[in-house]
Amino acid sequence: MSFYGGYGYYRQPTKGELAAKAKASIAKLRKSGKEVNPIHIEGMKIARTWWGQAWVNNLERYADYSNRVGRGKSYVRADCVIDLQVERGLIRAMVQGSRATPYIVEVKINPLSEEAFTSLLNQCSERADSLEALVSGDFPDQLKDTLFASKGGLFPAPSEIHFDCSCPDWASMCKHVAAAIMAVAPQLDENPLALFELRGVDTTNLVKRTVEQKLDLMLKNADAPSPRIIEVDDEGLTTLFGVL
């Protein structure tokens, strides 16, 4: 299939051709001594876990990205993301395209605002046990609605995502950027805490503050009378237990 770009018509390489180029680039980079983290998926599904799929779903709901998300997925499936590094507020990637040399992609993610962090903290205060499971490397289902809410959760909005690619594509989001962002999903499958790191959230601090907030709440309510306490006089006890 041919497309028209800024430099005229060109033929879109097949999945097999892209995969072969990607494999060659990985071998060349490793031979030069560079450590790379290629993203490989089995089958057509980008993510295996519900939290990885939630990342994909979040990107797909953005109208601004809809015209590029599909191409990004096809590049991930073709193993074109030959290196992916997720850091605090940053995604660095090398994405194989039609040319021999891979493109360099950098995506910056705004840190979670203090307001959003406080909201997240308040919602997690009653789920300290679930947070323990989270830190152990698993996303508890109980935190699904809290962490992955379309508003107020950990997912960045389009206005919080800023990207750059070395390709000549004029589009606001090229397919290489889309592939790099999509490739975060299988990365999250393996390391759920990468999402917190990406949004600049220290999970140890989150758990610590959640537990502290829970303890404070318990202490404040320590002197409050329990609704389960039944206050009765001697006559009431006789009636209650049926004794004389």
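Rule-based calculations on the coordinates, nothing more; no lab input. Just so it is clear, the structure is predicted and the values come from calculations on it, not from any experiment. All Cβ positions, glycine included, derive from the backbone under ideal geometry; neighbour counts span all protein chains shown.
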What do you get for Rg/Rh over region 32-102 if you use C-alpha atoms and the Kirkwood form of Rh? 0.98
So for each of 96-105, 38-47 I average, over its residues, the number of other beta carbons within 10 Å; can you give me the resulting order with the highest mean first? 96-105, 38-47
Förster radius 30 Å - calculated FRET efficiency between ARG99 and ARG48, Cβ distance, rounded to 0.05: 0.45
Taking Lys and Arg as +1 and Asp and Glu as -1, residues besides ASN67 with C-beta under 13 Å from its C-beta add up to +1
